[in-house]
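S.K.: Just passing along the structure, written as structure tokens.
The values are calculated or read from the model by the stated rules, or taken from the named source; none is laboratory data. Keep in mind that this is a model prediction, so the values were computed, not measured. We place every Cβ from the backbone using ideal geometry, glycine too, and count neighbours over all the protein chains shown. The accessibility values were calculated without ligands, DNA or RNA, using every heavy atom of the protein model including side chains. Shrake-Rupley method; radii C 1.70, N 1.55, O 1.52, S 1.80 Å.
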Amino acid sequence: MFLSLARVSKLALQQFHRNLWLSIATISLLMLSLLSINLIIVLGAVGQAAKLAVQDKIDVSVYFKSKVDNEQVEEIRADLLKLNEVSAVEYIPKEGSLARFKERHKDDPVILESLQELNENPFGATLAVKAKDSEQYPRIIAFLEDAKYEDLIEEKNFDDHEFVIKKINALMRNIRTFGLTVASIFGLIAILVVINTVRVAVYTHRGEIGVMRLVGASNWFIRGPFLFEALIFSFTATVLTAAVVYLGFNFAQPYLNNLFEGIKLSLTSYYNSNAATIFGLQFLAIFFLTAVSSFFAVRRYLKV
Amino acid sequence: MINLHNVTKTYPPNTVAIKNVSFEVKPGEFVSIVGQSGTGKSTVMKLLIAEELATEGQVKIGGWDITRIRSAAVPALRRQIGVVFQDLKLLPSMTAYENVAFALQVVGAPSQRISEVVPQVLKIVGLEDKTDRYPIQLSGGEAQRVVIARALVHRPKLFLADEPTGNLDTLNTREIIDILTKINSFGTTVVLVTHNREVVNQLRRRVIAMDHGEIISDQENGKYTL
């Protein structure tokens, strides 16, 4: 068993070496396919980070009329928290709203004087509502537009953010669609190229296959070197792709930091924490593809 | 050793290669199958190594019914049969020694056995001083002798040679036939497919003659009478 494995490995390495240029071309094409997949992963990660960063700054501020007492606002807060779409609701009582206003206009004595002349707190309570996902804000707004709240709510300031959220969601959808399209095209090209490359590799070894069959080598011994070669192709392509990806990150990180000022996005950290999954799956997918291609390519030569 | 009983082989859609062929070859025999091109000689060879399966009838090798042999069992059959074809099927990137050793390597033979057996069989075919030559550096007869050596490494009980002298001159033909006779003298059953009249007549062994896919004569100490 060990002897056969050693011989299969030796034959595979011989094949790899004898068709060096074909082997290099195969690995390069596999790398291109893997790089395109990684590009899509990176775009997704960047888009997601941008979305989360903006999302974090977004909320719907609901300003209640001053006549509405705090208990009523607490009830509405409880109702909001029951919604699936809502992740948090910050409650700022009337006094808090006044304090916030004063703080915001502490450098404007005219406003502060006018406020003093009123002799009462003109502000109502405020609720700052955060959704679980930016796409869910319209549903929260719709909930607040119910007729029973109409007399209680002075103003909702979601409109300013709505545009930004729509933009981000549209951008994310576009990135996803673009990514999937590119991945599908590259995937299809990769499959065709790999199948053809393996077929050429098998074709160049049809002599050996014929002799092996003639002298009684088992089918698995004949397939072995091609499977092992597929393993070498897949492993080398994945390792080189990982190297190129990390080099690319070092190059791109300063530009990303400038682009997303204030947003913490380290692609290296993102990849480090998901490296096993990302590259493991890519390796398995490429190996599966090359192994299946070689299985079918060899099959036609197994009849001697 | 070989038993064919009413064997017919039809290729789609309806080309009959051999029809109701029956013969038996006893262990240690040397049999020549003769006939013009396209008479079904090579089809018989293909049936014996399970490259093709019979459409009708029964094929037995050493008591083993291989009429409907499973694909997975074919390697086990071929390890017991030495096969030589006119197209040598030598690997050009390997030396004579490596070509012969390859046949043992791919069936998992230990390295020690390979280093013992390969020089032995190369000596039997008289190539002990040309072991490191590549096929392109060998003459037609020498290359054919490498193929014979390769077919001998499994110490087969049955040796099949399909037109082994087809591309050779008279001198090389004589040498190859001498080697086949030598192999037969070790007790190995030899089946030679040929349309070379001189070879068959000089051998003076059993001759099975085929024409249009059928056996037309089967004679001990026969001659090429077609």
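S.K.: Restricting the search to the stretch A:168-219, which residues are within 14 Å of chain B (Cβ to nearest Cβ), of a type in the set (A, V, I, L, M, F, W, C) and part of a helix (DSSP H, G or I)?
M.R.: Of all residues in the stretch A:168-219, those within 14 Å of chain B (Cβ to nearest Cβ) come to A:204-219.
Going one step further and asking which of them are of a type in the set (A, V, I, L, M, F, W, C), we end up with A:209, A:211-212, A:214-215, A:217.
Passing the criteria: A:I209, A:V211, A:M212, A:L214.
S.K.: Shifting gears a bit: Which is over 20 Å from the mean Cα position of the chain (by Cα), within 14 Å of another protein chain (Cβ to nearest Cβ), open to solvent by less than 50 Å² (accessible area, probe 1.4 Å) and modelled with pLDDT of 80 or more, of A:V298, A:V304?
M.R.: Details: A:V304 fails: modelled with pLDDT of 80 or more.
One residue alone meets the criteria, A:V298.
S.K.: Follow-up. Could you please let me know if B:T67 is over 18 Å from B:A161 (Cα atoms), among the hydroxyl-bearing types (S, T, Y) and crowded, with 16+ Cβ neighbours inside 10 Å?
M.R.: Details: over 18 Å from B:A161 (Cα atoms): yes; among the hydroxyl-bearing types (S, T, Y): yes; crowded, with 16+ Cβ neighbours inside 10 Å: yes.
For B:T67, the condition - over 18 Å from B:A161 (Cα atoms), among the hydroxyl-bearing types (S, T, Y) and crowded, with 16+ Cβ neighbours inside 10 Å - is met.
S.K.: Provide a single number: the residues in the stretch A:249-267 that are open to solvent by less than 90 Å² (accessible area, probe 1.4 Å) and modelled with pLDDT of 85 or more.
M.R.: Restricting attention to the stretch A:249-267, the residues satisfying the condition of being open to solvent by less than 90 Å² (accessible area, probe 1.4 Å) are A:249, A:252-254, A:256-257, A:260, A:262-263, A:265-267.
Now restrict to residues that are modelled with pLDDT of 85 or more: A:249.
Matching residues across the stretch A:249-267 total 1.
S.K.: Kindly indicate the residue of the stretch A:173-192 that is under 15 Å from A:L39 (Cα atoms) and among the aliphatic types (A, V, I, L, M) and also farthest from the chain's Cα centre (by Cα) among those meeting that condition.
M.R.: Applying the filter and picking the extreme gives A:I185.
S.K.: So which residues in the stretch B:85-108 are surrounded by 15 or more Cβ atoms within 10 Å (Cβ to Cβ), more than 7 Å from chain A (Cβ to nearest Cβ) and touching a residue at least 12 places away in the same chain (Cβ under 8 Å), if there are any at all?
M.R.: Across the stretch B:85-108, the qualifying residues are B:F85, B:Q86, B:L88, B:L90, B:M94, B:T95, B:A96, B:Y97, B:N99, B:V100, B:A101, B:L104.
S.K.: Pairs please, first residue from the stretch B:212-226 and touching a residue at least 24 places away in the same chain (Cβ under 8 Å) and in the same structural domain as B:G35 (by TED's automatic domain parsing), second anywhere and among the hydroxyl-bearing types (S, T, Y) and open to solvent by less than 80 Å² (accessible area, probe 1.4 Å), Cβ atoms under 7 Å, 6+ apart in sequence or on different chains.
M.R.: So the pair list comes out as B:H212/B:T39; B:G213/B:T39.
S.K.: For the stretch B:210-226, which residues satisfy the criterion of being surrounded by 13 or more Cβ atoms within 10 Å (Cβ to Cβ) and assigned to a loop (DSSP other than H, G, I, E, B)?
M.R.: Across the stretch B:210-226, the qualifying residues are B:H212, B:G213, B:G222, B:K223, B:Y224, B:T225, B:L226.
S.K.: Restricted to the stretch B:160-191, and to residues that are among the small types (G, A, S) and closer than 23 Å to B:K26 by Cα, which residue is surrounded by the most Cβ atoms within 10 Å (Cβ to Cβ)?
M.R.: If we filter the stretch B:160-191 for residues that are among the small types (G, A, S), which is where we start, we get B:161, B:166, B:185, B:187.
Keeping just the survivors that are closer than 23 Å to B:K26 by Cα gives B:161, B:185, B:187.
Working: B:A161: 27, B:S185: 11, B:G187: 9.
Among those residues, the one meeting the criterion is B:A161.
S.K.: Condition test on A:F288, is it part of a helix (DSSP H, G or I) and either open to solvent by less than 90 Å² (accessible area, probe 1.4 Å) or modelled with pLDDT under 85 (or both)? Full working, then the answer.
M.R.: Values: part of a helix (DSSP H, G or I): yes; either open to solvent by less than 90 Å² (accessible area, probe 1.4 Å) or modelled with pLDDT under 85 (or both): no.
For A:F288, the condition - part of a helix (DSSP H, G or I) and either open to solvent by less than 90 Å² (accessible area, probe 1.4 Å) or modelled with pLDDT under 85 (or both) - is not met.
S.K.: Looking at (1) surrounded by 15 or more Cβ atoms within 10 Å (Cβ to Cβ); (2) within 14 Å of chain B (Cβ to nearest Cβ); (3) among the charged types (D, E, K, R), which is the one condition that is false for A:K10?
M.R.: Only one criterion in (1) surrounded by 15 or more Cβ atoms within 10 Å (Cβ to Cβ); (2) within 14 Å of chain B (Cβ to nearest Cβ); (3) among the charged types (D, E, K, R) is unmet by A:K10, namely (1).
S.K.: Restricting attention to the stretch B:139-159, which residues are within 14 Å of chain A (Cβ to nearest Cβ), open to solvent by less than 30 Å² (accessible area, probe 1.4 Å) and closer than 18 Å to B:V191 by Cα? Don't jump to the end; show me each part of the working.
M.R.: So the first thing to find is which residues in the stretch B:139-159 are within 14 Å of chain A (Cβ to nearest Cβ), and the list is B:143, B:146-159.
With the extra rule that they be open to solvent by less than 30 Å² (accessible area, probe 1.4 Å), the set shrinks to B:143, B:146-153, B:156, B:158-159.
Of everything in the stretch B:139-159, those that are within 14 Å of chain A (Cβ to nearest Cβ), open to solvent by less than 30 Å² (accessible area, probe 1.4 Å) and closer than 18 Å to B:V191 by Cα turn out to be B:V147, B:I148, B:A149, B:R150, B:A151, B:L152, B:V153, B:P156, B:L158, B:F159.
S.K.: To continue, here is another question. Quick one: which residue in A:I41, A:I76 is open to solvent by less than 20 Å² (accessible area, probe 1.4 Å) and in contact (Cβ under 8 Å) with a residue 12 or more places away in the chain?
M.R.: Working: A:I41 fails: open to solvent by less than 20 Å² (accessible area, probe 1.4 Å).
Only one candidate qualifies: A:I76.
S.K.: Could you tell me whether any residue of the stretch B:63-71 is modelled with pLDDT under 90 and at the interface with another protein chain (Cβ under 9 Å from one of its Cβ atoms)?
M.R.: yes
S.K.: Any idea which residue in the stretch A:79-125 is surrounded by the most Cβ atoms within 10 Å (Cβ to Cβ), counting only those that are of a type outside the set (F, W, Y) and in contact with a Ser or Thr (Cβ under 6 Å, 6 or more places away or on another chain)?
M.R.: A:G124
S.K.: When you check A:G207 against the structure, is it of a type in the set (G, A, S) and modelled with pLDDT of 80 or more, yes or no? Spell out the reasoning first.
M.R.: Numbers: of a type in the set (G, A, S): yes; modelled with pLDDT of 80 or more: yes.
In short, yes.
S.K.: Right, something else. Quick check on my filter: what residues within the stretch B:111-120 are surrounded by fewer than 23 Cβ atoms within 10 Å (Cβ to Cβ) and either away from chain A (no Cβ under 13 Å) or modelled with pLDDT of 90 or more (or both)?
M.R.: Filtering the stretch B:111-120 for residues surrounded by fewer than 23 Cβ atoms within 10 Å (Cβ to Cβ) gives B:111-117, B:119-120.
Answer for the stretch B:111-120, where residues must be surrounded by fewer than 23 Cβ atoms within 10 Å (Cβ to Cβ) and either away from chain A (no Cβ under 13 Å) or modelled with pLDDT of 90 or more (or both): B:Q112, B:R113, B:I114, B:S115, B:E116, B:V117, B:P119, B:Q120.
S.K.: Please state which one of A:A237, A:A275 is closer than 17 Å to A:S28 by Cα and either open to solvent by 20 Å² or more (accessible area, probe 1.4 Å) or touching a Leu at 6+ places or on another chain (Cβ under 7 Å) (or both). Can you show your working first?
M.R.: Details: A:A275 fails: closer than 17 Å to A:S28 by Cα.
None of the others qualify; the one that does is A:A237.
S.K.: A further question follows. Looking at B:Q80, is it under 23 Å from B:F30 (Cβ atoms) and at the interface with chain A (Cβ under 9 Å from one of its Cβ atoms)? Spell out the reasoning first.
M.R.: Details: under 23 Å from B:F30 (Cβ atoms): yes; at the interface with chain A (Cβ under 9 Å from one of its Cβ atoms): yes.
Criteria met by B:Q80.
S.K.: Do we have any residue at all in the stretch B:186-195 that's away from every other protein chain (no Cβ under 14 Å), touching a Phe, Trp or Tyr at 6+ places or on another chain (Cβ under 8 Å), part of a loop (DSSP other than H, G, I, E, B) and of a type outside the set (D, E, K, R)?
M.R.: Taking the stretch B:186-195 first, the residues away from every other protein chain (no Cβ under 14 Å) are B:186-195.
Narrowing further to those that are touching a Phe, Trp or Tyr at 6+ places or on another chain (Cβ under 8 Å): B:188-192.
Applying the additional criterion that residues be part of a loop (DSSP other than H, G, I, E, B) yields B:188.
Next, from what is left, pick out any that are of a type outside the set (D, E, K, R): B:188.
There is at least one residue in the stretch B:186-195 that is away from every other protein chain (no Cβ under 14 Å), touching a Phe, Trp or Tyr at 6+ places or on another chain (Cβ under 8 Å), part of a loop (DSSP other than H, G, I, E, B) and of a type outside the set (D, E, K, R).
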